[in-house]
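Quick notes on the structure that follows.
Just so it is clear, none of the values below were taken in a lab; they were calculated from the coordinates. The structure presented is a predicted model; accordingly, all values stated were derived computationally and were not measured.
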Amino acid sequence: MPSWDDVVTMASRLPEVEEATWHRTPSLKVAGKGFARLRTEAEGGLVLMCELDEKAALLATGDAAFYTTPHYDGYGAILVDLAKVDPGQLAELVEQAWRLKASAKLRKVLDGDS
């Protein structure tokens, strides 16, 4: 079962990731733009930025690790239950969230296209 510390470790290999706060909760940002946030609201979960079609696809799988709330309807973010998510899939989703907020220059650095 991944923890917030595991999410931070997964993200730390990505260029220019910084730990910060967002809505008074722990978060990860790249160039000041948030891409992951640990929710402390009643429903809990990890917020990861994503494309709307990716969100729909994750929800359509029926996997209990992925959910949303009315607050996030129509918004490019998926909620992840850390107690239920596959660590490998989580690592991929963390990188995808980072890519949405990172500059083209940083994405090239990650991909080795300097």
query = Taking the Cα centre of each part, how many Å lie between the stretch 15-50 and the stretch 51-80?
reply = 16
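Using only alpha carbon pairs under 8 Å that are at least six residues apart, calculate the relative contact order of the chain and give it in whole percent.
RCO, the chain: 29 percent.
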key: Equivalent ellipsoid semi-axes - Cα gyration tensor, the stretch 60-114, angstrom   = 26, 15, 7
task = Divide the volume of the convex hull of the Cα atoms of the stretch 15-114 by its number of residues and quote the answer in cubic angstrom per residue.
result = 106
inquiry  = If you split all Cα-Cα distances of the stretch 1-54 into 5 Å bins from zero, what percentages do you get per bin, shortest first?
reply    = 4, 20, 29, 26, 16, 5, 0
